[in-house]
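What follows is one structure encoded as structure tokens, with my remarks underneath.
The values are calculated or read from the model by the stated rules, or taken from the named source; none is laboratory data. This structure is a prediction, so every number in the text was calculated from the model and none was measured. Glycine also receives a Cβ, built like all others from the backbone with ideal geometry; neighbour counts cover every protein chain displayed. Accessible surface is based on the protein model in full, side chains and every heavy atom, while ligands, DNA and RNA are left aside. Shrake-Rupley method; radii C 1.70, N 1.55, O 1.52, S 1.80 Å.
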Amino acid sequence: MGTGSFSFDGDPGDGTFALTSLPNFNFSFDFGGNTFGNSNITTTLSAINIIINTIGSDRSVTFSSDNSGTFGGSLDFVDDSNQLSFQPSGGTLYFSNTPAGNFFGNFAGTVSATPESVPEPASGLGLLLLGGLGIRSLIKKKTV
């Protein structure tokens, strides 16, 4: 199992968004002590889409692409021989192969607003991740 975050400035609402259209996007995932970040993405950046949906009072986040990554996933990362891949086409599966072990499972992303009283230098949509832990996202509102 792993943990991590995905963030970018602002909240575009529901829909499918090109990753490259989201300002200041940043990924940081950790599996078995191995960290995967923006510099480890092997999927063509312009092919990655971020999908945000609202069902009832819940919002979810998934990834999709043309599957141009190393492993054919919607978002693939490689750091030396360590690998992380999210299921293609907006699915909720992932796998990670690291010296600490092989991790496979489902993730679930939920988005919730944080109070405006939390001081943040910029707005952001954060995503905390994975394994059996699920993904949790936070929309941080800019305060002045």
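Karplus-derived 3J(HN,Hα) values for the stretch 75-83, using 6.51 cos²θ - 1.76 cosθ + 1.60 with θ = phi - 60°, are 8, 10, 10, 9, 10, 6, 9, 8, 10 Hz; glycine and proline are entered as x. Rolling a 1.4 Å probe over the heavy atoms of the protein chains gives the stretch 3-111 an accessible area of 43 Å² per residue. Taking the Cα centre of the stretch 3-111 as origin and assigning +1 to Lys and Arg Cβ atoms and -1 to Asp and Glu Cβ atoms, the resulting dipole is close to 120 debye.
For q values of 0.12, 0.23, 0.26 Å⁻¹, compute log₁₀ I(q)/I(0) with the Debye formula on a Cα-only model of the stretch 24-85, without solvent. Computed log10 I(q)/I(0) values: -0.33, -0.94, -1.09. Across the stretch 56-67, rounded Karplus estimates of 3J(HN,Hα) from the backbone phi angles (6.51 cos²θ - 1.76 cosθ + 1.60, θ = phi - 60°) give x, 9, 9, 10, 10, 10, 9, 10, 8, 6, 7, 6 Hz, Gly and Pro being marked x. Taking Lys and Arg as +1 and Asp and Glu as -1, the other residues whose beta-carbon sits under 15 Å from that of residue 34 total -4. Convex hull of alpha carbon positions in the stretch 1-50: directionally averaged projected area 4.0 nm².
Calculated from the alpha-carbon coordinates, the stretch 3-111 shows an Rg and a Dmax of 13.3, 41 Å respectively.
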